[in-house]
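All of the numbers you see were taken from the coordinates with simple rules; none came from a lab. Keep in mind that this is a model prediction, so the values were computed, not measured. Glycine gets a Cβ as well: all are built from the backbone with ideal geometry, and neighbour counts include every protein chain shown.
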Amino acid sequence: MLNNGIPVSISLNPTLESDRVSAKKQYNKKRLFQLSVIAIAIAVCISFIAKLLVYLINLITNISFFGKFSIAASSPADNTYGIYVIAVPVIGGAIVGLMARYGSKAIRGHGIPEAMEQILTNQSKIKPSITYLKPVSAAISIGTGGPFGAEGPIIATGGALGSTLGQVIKITPNERKILLAAGATAGMAAIFGSPIAAILLAIELLLFEFSPRSFIPVALACITGAAGHHLLFEEGVVFPLNFNLSVASNYALFFYGTMGVAIGLLSVVVTKIVYWIEDLFEKLPIHWAWWPAIGGLAVGIIGFIAPKTLGVGYSNITELLSGTMPVKIVLSLCVFKFLSWAISLGSGTSGGTLAPLLTIGGAAGALLGTAGMYWFPDAGINISLSALVGMSAMFAGASRAFLTSIVFALETTGQSNALLPLLATCTSSYFVSYFLMDNTIMTEKISRRGVFTPHSYESDILEKTTVEQVLDDNALAISDTMKINEVRKWLENEPDLKGNYLIISDQDGNYKGLLSSSSLFSNHHNSESEIGSIVKRNNLFISPSQTLREAVQKMAHENVDILPIVSDKTISGILTYQHIISIYKNGLDENEKRQAHISLRRQRLKILVHRQKLITVIKGKNKKR
């Protein structure tokens, strides 16, 4: 009930508010359209940059290992340098270290954690120089034998391009985050031709939200990036199989699920060793700019022993998936690729994580599949499928990008029959990783710097709660004809009614606006003036059908802690910040308060309880009588 001594009804015209809300929605849609166009343009650019990056990697590979000037694809594993091959990654690491020292330290690492950090702490602002320093440094690192894939650098480059453009034009930090994510994931789609997995990667690792304003631009960018892949790279899938995988039997599904536990444990070990090696480099008594050269020395030695560990190695993944690679080579690839990648990445060189994780996981899966076929010959276990689910489970466990891992495997191979085995293996791996590791390979670095990474994507409780659900009809309205000194004296005698803001109405009950207590008790006003003469906040209210999120936004924008609630041209109540806090408390209770709603006791006991209550009520009535 609203009153100034007696109940009062305050009339308003909510049409103006409705028009304002409608205009805001139209403006947001217009901004979303503009953002989508920009995201598509970024995706077009990053598609060509991805192609140039691959050409640059090929060029540096050919110059470094074969002494020829060519952009044709080649593998460092085919070099004829012998033991002198060790020097090539060392030279590449030294160049990358100097680029990081005199260019930008941000080129170090594998890209995604750095992008996450800028999103979470720096309003998605990435230095424009990363747009060209990252791909060039990565091309040098990979082209001289670094055991990385092209996807990490292009993700970082795309993110930097989106962020840079978002710093040139006038947009909000949230819109800049969307452009960063659109550029990063468009780069991934351009390299692998996997738009759906790229969209999911944005949601799981970069955006930390799922809403039309973020999803639509990112989706359009990823589709454009995939189109760029098919135009500039190839029409088919990245990791083709010359046969279709058969549907897995229940016995095989059980095996793959169990295998996921082993891969999950391996992903935890891999992550911890990578950061352990990074910690060891931190203790070296030399400048960090020389660490990549030391990492390059390890890459060169391992590359001399196992040449297949050198370079991108996408062909290794295809060969693993074919199921024809000899066990000895698979074991060698699994162990030595991991050592080469872990030491090189720990040294702080420029590279990525996706391709190495896929290779290590695929090799581990193939080994486990081979063992499974030996021990359970009638279970229908397939080595190719074991390698596929192994590489996906490794990424799911190490990064916890669960949906991305599954969809990526499907999109890059085109094997739809692998869906259930992928789901079983990735779920097991994710489960193990979640319970054994606080952070992931993507978040451990920034977590050490004190950056908190969201790990859940729950619906906003304010978004799904309307004002009507927390409406408080016990509010105070003061007539604008009252003198300022009268209101002051009245409130001093009624301290419980004193708040930060007061609702003001005219004698006819029409809403005049909000008045702050600080303004009311200010010495700048003539105490004999009418209170309506100092009201400045008019037409500020909320309707019962609007959400609490809209109410909070309005409170924050207008810097008020109460809002009148208007329904059918009258004020029906008041909304305060205490109501917002109570909703959050109820939300916490939903997640934390445990209670049983169905009793497991025998029905006879329930009847006795009801009878006892009835007797108590009767006794109470008798007592009153």
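Data for the structure
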item	result
Cα shape, the range 164-305, gyration tensor, a/c 1.5 rule	oblate
Size of the range 32-448 as Cα extents on the principal axes (Å, biggest first)	63, 52, 40
Burial ordering of M437, M188, fewest other beta-carbon atoms within 10 Å first	M437, M188
Overall dimensions of the range 165-239 as given by Cα atoms, namely Rg and Dmax in Å	12.5, 41
Fewest-first ranking of Y102, Y434, using other Cβ atoms within 10 Å as the exposure measure	Y102, Y434
Expected-Rg normalisation [2.2 N^0.38 Å, Cα atoms] applied to the range 401-441	1.26
Tail fraction, Cα-Cα pairs, the range 363-419, threshold 19 Å, whole percent	31 percent
